[in-house]
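FYI, it's all coordinate maths here, none of it is from the lab. This one's a predicted model, so the numbers in the text were calculated from it and none came from an experiment. Quick reminder, even Gly has a Cβ in these numbers, built from the backbone with ideal geometry, and neighbours come from all protein chains shown.
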Amino acid sequence: MADTEVRRGSFDMDGSRFDVCASSAFAPEAMRVYPAGDRSVIALVVSGLNSGDLKASWGSGWGAYPEAWREDFEERAYRAYVSRVRVCNG
């Protein structure tokens, strides 16, 4: 059985809503952040969840935001990630 991406939560920033998903239901290696309702656009991927060697990779255009904005975005995404679990439809 293939792993299914799991929605872990969502958050609001600058008037937009974002969904945070784990790469799988069991021992996910990454979390992905999308604008809510549009999983074709990846804002942020944080890999290395199992190894502890975390690496943030920004989607096209998202990495150009100021460092303070990106740090706030990452913090909000993390809080959403550790909040609750739901299966993503998509």
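Of note:
- Complete set of residues in the stretch 51-80 that are in contact with a strand residue (DSSP E or B) (Cβ under 9 Å, 6 or more places away or on another chain), without any contact (Cβ under 8 Å) to a residue 60 or more places away in the chain and not hydrophobic (A, V, I, L, M, F, W, C): ASP53, LYS55, SER57, GLY59, GLY63, TYR65, ARG70, ASP72, GLU74, TYR78
- Residue within the stretch 57-68 that is exposed (fewer than 12 other Cβ atoms within 10 Å of the Cβ), of a type outside the set (Val, Ile, Thr) and under 13 Å from the mean Cα position of the chain (by Cα) present: no
- The stretch 1-48, residues that are of a type in the set (Lys, Arg) and either more than 22 Å from SER60 (Cβ to Cβ) or touching a residue at least 40 places away in the same chain (Cβ under 8 Å) (or both): ARG7, ARG8, ARG39
- Scanning the stretch 19-56 for residues that are of a type in the set (D, E, K, R) and surrounded by fewer than 17 Cβ atoms within 10 Å (Cβ to Cβ) yields GLU29, ASP38, ARG39, ASP53, LYS55.
- Residue check for ARG32: more than 15 Å from ARG79 (Cβ to Cβ) and not in a loop (DSSP other than H, G, I, E, B): yes
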